[in-house]
Amino acid sequence: MATKARKRVHPMPKLGWKDQIVYWIAMILTGGFSILGGYIVLLRQDYIAFSDPAVIARTKGQGNLYFIWLLLWCLVVFILILAGLYRRRIPIWGRSDIKYGPPAYPRVYPIFTKNKPKHWVSPKELHRDKRMKLIVAVLLIISFFVCAVLFPLSFYGRAVLCNDGSITVYNAHNQEIHHYLKNEILSVELDTYYSSSRRGGRWHIHFKIRTTDSKSYNFAAHSFDGTDIQQLQTMLYIKDRLFKDLIFISGTENLQKVVWDQYSRTEEKALLYQLFDLTP
């Protein structure tokens, strides 16, 4: 007896241009923000700190990393869109030239299709499917609002060094929580240090300022406003004028490594060695 030939079920058809645009906009927004969001925060932190003309340097403070949660949320949503919807070719409005569903295609219909063809599904499976979708949607919405609330709090936490030698500390709500006058500065150390990263470490310089209440605040060269040369010039001002009687220098044995990593130009190198009371 001849057997009846099976009808071939094709993969989902290519997405229409409207669906492509929606998915690409969503992926660019979420994927792009998960990559560039940190730079946006950094620029905002600098703007807030240096909007006060008396501030000459800033360093990290309370809540500076709160922005990471929104970046992670965007990354998760990007992956869900890319792997869960776009690559599976789940249509949103669909194409007018395609008849979705069996027998030619899987039982997947455009999201905004009205009067979708019904097929029997056990009440238990239907309930489980609806419950899972509801849980995912609620988790995404609640987590987004939590991350969105935390995000702007990453702008404000900081400790700033002012041109009169005082240090002011702010919390994540931009409220001043400590203020140290110049006579409350116990010592100022100019030192070299090494910071490691996935791409390899680099040598830097910084001021390590200790206060009378045993707190310590580190102001690296990149904590100062301006170009590399302007940063070094400001550090010279701090060393030679602002804290002349409190300064002590260490880490000179690593200065050549700092030059290799940070200051290869002749003028930068000269300022660096002048800062450490050495000759190139």
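Ala57 satisfies every condition listed in (1) under 30 Å from Ala220 (Cα atoms); (2) at pLDDT 95 or above; (3) open to solvent by less than 50 Å² (accessible area, probe 1.4 Å); (4) not in a strand (DSSP E or B) except (4).
Scanning the range 108-144 for residues that are open to solvent by 70 Å² or more (accessible area, probe 1.4 Å), closer than 22 Å to Val22 by Cα and at pLDDT 85 or above yields a total of 2.
Checking each residue in the range 240-266 for being free of Cβ contacts under 8 Å to residues at least 60 places away in the same chain and within 33 Å of the chain's Cα centre (by Cα) picks out Gln256, Val259, Trp260, Asp261, Tyr263, Ser264, Arg265. The set of residues in the range 168-187 being over 13 Å from Asp213 (Cα atoms), open to solvent by less than 20 Å² (accessible area, probe 1.4 Å) and either of a type in the set (Val, Ile, Thr) or part of a strand (DSSP E or B) (or both) consists of Thr168, Val169.
Taking the range 162-181 as the range and being more than 21 Å from Val41 (Cβ to Cβ) and touching a residue at least 60 places away in the same chain (Cβ under 8 Å) as the test, the residues that pass are Cys162, Asn163, Asp164, Gly165. Among residues of the range 84-104 that are buried (at least 17 other Cβ atoms within 10 Å of the Cβ), those with a Cβ under 6 angstrom from a residue that is among the hydroxyl-bearing types (Ser, Thr, Tyr), sequence gap 6+ or separate chain, pair up as Tyr86/Tyr23; Tyr100/Tyr109. Residues in the range 66-117 that are part of a loop (DSSP other than H, G, I, E, B) and of a type in the set (Val, Ile, Thr): Ile90, Ile92, Ile98, Val108, Ile111, Thr113.
The values are calculated or read from the model by the stated rules, or taken from the named source; none is laboratory data. None of the values given here were measured: they were computed from a predicted structure. All Cβ positions, glycine included, derive from the backbone under ideal geometry; neighbour counts span all protein chains shown. All accessible areas refer to the heavy atoms of the entire protein, side chains included, with ligands and DNA or RNA removed. Shrake-Rupley method; radii C 1.70, N 1.55, O 1.52, S 1.80 Å.
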